[in-house]
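Step one of this worksheet: look at the structure below.
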Amino acid sequence: MPDYIPIRKSQALHYMAAPLFIKNAADEFILYKTENAEMDMARFQSDRCPQLYIPNEHRAALYAELQRSYHILLAKRMKAGDIQGVKAAICDIVQEALQEPLGHNLQTLPETIDIVYRGYASTTELLKHISGFRYGGTTLVEHVVNTLLLILNYCIFHGLRETETKALTLGALLHDVGLSRIPERIIQSDDRLSKLDFKIYTTHPVLGHEIIRAHMTVDAAVAMMALEHHEELDGSGYPHGQRDLSFGGRLLGIVDTFEQLTFNEKTHRQRREPFGALKLIQDEMLREGNYDKEIFRGLCLSLVGKSRFA
Ligand SMILES: [Fe+2]
Ligand SMILES: [Fe+2]
C-alpha cells in the first residue's frame, strides 16, 4: 500500500480534518493544506486544481469524514427536492463505499438508506423523477443506484413497512458488490464474454453474499438478495439454479433486468424505453416462468403510479 493516496479532485472541498499533499517534480510529497483547516478553493482553482493526496495512515478516519460530509449534502438535497443532486450524491457515496478496504466502507450504507428513505417517504413529489435521468458516474454505481430507486419506489407505492423497505433498498444497493472481486477486464468488456470469463462472472452473487455476511451486521434477507438476484423461478438462473426464492430475490431479479434493459448501455441488447422493457420481460420471461407474475404486475403499477404524479 503506498504512503499517499490520490483523492478525487471533486472531493477536495470535503476534507476538513485531513492534511492534503501535492507531489512536486522530484516526486516528493509537499504539504498543501494543514489538518483541521478548510480548503482554500480560490487558491486550489488558481493552481489549476492539482492532484491532491492524503497520507495512508489517515485513510479510515478521512473516509468517515468524507461520508459524513456526503450524508449532510445528501440530506440537504433531499430536502430541497434536488433529485439530480440526490442521485449524484448517492453515486458518490456508493463509489466511495466500494473502494478498498471494503469492510469498513460498507458500514456507512445503512445510514445512506435512512436518509434516502426519510426523504422519499415524506414526499411523493420526488417519485416522478425516479427514472429518466442519468448520472455520469461509473456504470456499475449508476446501475445499483437506479435499482435502489426503483425498489424504493415499489416499496413506497405498495405501502411496505419501513423495516422491510430499508432492507430491500439496502439489498438493491449492495446486490452487485461481488463484482468488486471480479477482474476489471471482465466487468469492462464490451464484447460477449468467453465461456470461462462468463463462469467467473457468474460467481459474483456468491461473492457478494460472502462479503455482506462477513462485513456487515444486517438482516439476512439483504445478503440473500445478492445471492439470488440472478436466479430464476424455473431453475434456469445462476449460481445454483435455485427455484425457491425469497421475496427480495424475486423482486430484485425483475428490477435488475428492467434496469439493465432501460439504462445500461453495456447490455448486448438495444436500450429500451421503460414500456418496451416491461413488454420484453412480459413476452420473453414471464411466459417462460422465469419471474414472479404478481411482483411484475406490482412493479408495473408502481411505475404507472409514478407517472400519475407527473
Ligand atoms: Fe448481478
Ligand atoms: Fe445488477
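The values are calculated or read from the model by the stated rules, or taken from the named source; none is laboratory data. Everything numeric here is computed off the predicted structure, so don't read it as measured data. Glycine gets a Cβ as well: all are built from the backbone with ideal geometry, and neighbour counts include every protein chain shown. For accessibility, only protein heavy atoms count, side chains too; no ligands or nucleic acids. Shrake-Rupley method; radii C 1.70, N 1.55, O 1.52, S 1.80 Å.
For region 20-43, what are the residues that are at pLDDT 90 or above and either surrounded by 12 or more Cβ atoms within 10 Å (Cβ to Cβ) or at positive phi (or both)?
If the condition is that a residue be at pLDDT 90 or above and either surrounded by 12 or more Cβ atoms within 10 Å (Cβ to Cβ) or at positive phi (or both), then Leu20, Phe21, Ile22, Lys23, Asp27, Phe29, Tyr32, Lys33 are the ones that fit.
Conditions: (1) crowded, with 16+ Cβ neighbours inside 10 Å; (2) away from ligand 1 (no atom under 16 Å from the Cβ). Val222 meets all but one. Number of the miss?
Evaluating Val222 over (1) crowded, with 16+ Cβ neighbours inside 10 Å; (2) away from ligand 1 (no atom under 16 Å from the Cβ) leaves (2) as the failure.
I need the full set of residues from region 158-187 which are more than 13 Å from Val94 (Cα to Cα), within 12 Å of ligand 1 (Cβ to nearest atom) and open to solvent by 40 Å² or more (accessible area, probe 1.4 Å), in order please.
Passing the criteria: only Ile187.
Tally the residues that are under 30 Å from Gln107 (Cβ atoms), without any contact (Cβ under 8 Å) to a residue 12 or more places away in the chain and among the β-branched types (Val, Ile, Thr), restricting the search to region 23-76.
1
Among (1) more than 21 Å from the chain's Cα centre (by Cα); (2) more than 14 Å from ligand 1 (Cβ to nearest atom), where does Arg213 come up short?
Of (1) more than 21 Å from the chain's Cα centre (by Cα); (2) more than 14 Å from ligand 1 (Cβ to nearest atom), only one is false for Arg213: (1).
Answer with yes or no whether Leu152 is open to solvent by less than 40 Å² (accessible area, probe 1.4 Å), modelled with pLDDT of 75 or more and touching a Ser or Thr at 6+ places or on another chain (Cβ under 6 Å). Steps first, answer last, please.
On the way: open to solvent by less than 40 Å² (accessible area, probe 1.4 Å): yes; modelled with pLDDT of 75 or more: yes; touching a Ser or Thr at 6+ places or on another chain (Cβ under 6 Å): yes.
In short, yes.
Which one is farthest from the chain's Cα centre (by Cα) among residues in region 168-184 that are among the hydrophobic types (A, V, I, L, M, F, W, C) and within 11 Å of ligand 2 (Cβ to nearest atom)? Give the steps one after another, and end with the answer.
Initial filter on region 168-184 (among the hydrophobic types (A, V, I, L, M, F, W, C)): 168, 170, 172-174, 177, 179, 182.
Now restrict to residues that are within 11 Å of ligand 2 (Cβ to nearest atom): 172-174, 177, 179.
Working: Ala172: 8, Leu173: 5, Leu174: 7, Val177: 9, Leu179: 12 Å.
It comes out as Leu179.
Go through Leu193, Leu127, Leu140 for me and flag whichever is more than 16 Å from ligand 1 (Cβ to nearest atom) and either modelled with pLDDT under 85 or open to solvent by 30 Å² or more (accessible area, probe 1.4 Å) (or both).
Values: Leu193 fails: more than 16 Å from ligand 1 (Cβ to nearest atom); Leu140 fails: more than 16 Å from ligand 1 (Cβ to nearest atom).
Answer to the selection: Leu127.
Would you mind listing the helices (runs of 4 or more DSSP H) fully within region 189-244 where at least 3 residues are under 27 Å from Thr165 (Cα atoms) and within 16 Å of ligand 2 (Cβ to nearest atom)? Quick ask: steps written out before the conclusion?
Working: elements: 195-201, 204-215, 220-228.
Where helices (runs of 4 or more DSSP H) fall fully within region 189-244 and carry at least 3 residues being under 27 Å from Thr165 (Cα atoms) and within 16 Å of ligand 2 (Cβ to nearest atom), they are 204-215, 220-228.
If I filter region 245-282 down to residues being open to solvent by 60 Å² or more (accessible area, probe 1.4 Å) and at pLDDT 95 or above, which single residue comes out as farthest from Asp292 (Cα to Cα)?
Per the criteria, the residue is Phe247.
Could you check how many residues of region 11-35 are in contact with a helix residue (DSSP H, G or I) (Cβ under 8 Å, 6 or more places away or on another chain) and not in a loop (DSSP other than H, G, I, E, B)? Lay out the reasoning, then the answer.
Applying the first criterion (in contact with a helix residue (DSSP H, G or I) (Cβ under 8 Å, 6 or more places away or on another chain)) to region 11-35 yields 11-20.
Cutting the leftovers down to not in a loop (DSSP other than H, G, I, E, B) gives us 11-14, 20.
Residues flagged as in contact with a helix residue (DSSP H, G or I) (Cβ under 8 Å, 6 or more places away or on another chain) and not in a loop (DSSP other than H, G, I, E, B) within region 11-35 amount to 5.
Go through region 139-163 residue by residue and tally those that are among the aromatic types (Phe, Trp, Tyr) and over 12 Å from Leu252 (Cβ atoms). Quick ask: steps written out before the conclusion?
Step one: list which residues in region 139-163 are among the aromatic types (Phe, Trp, Tyr), which gives 154, 157.
Filter once more, so that each one left must be over 12 Å from Leu252 (Cβ atoms): 157.
So the answer is 1.
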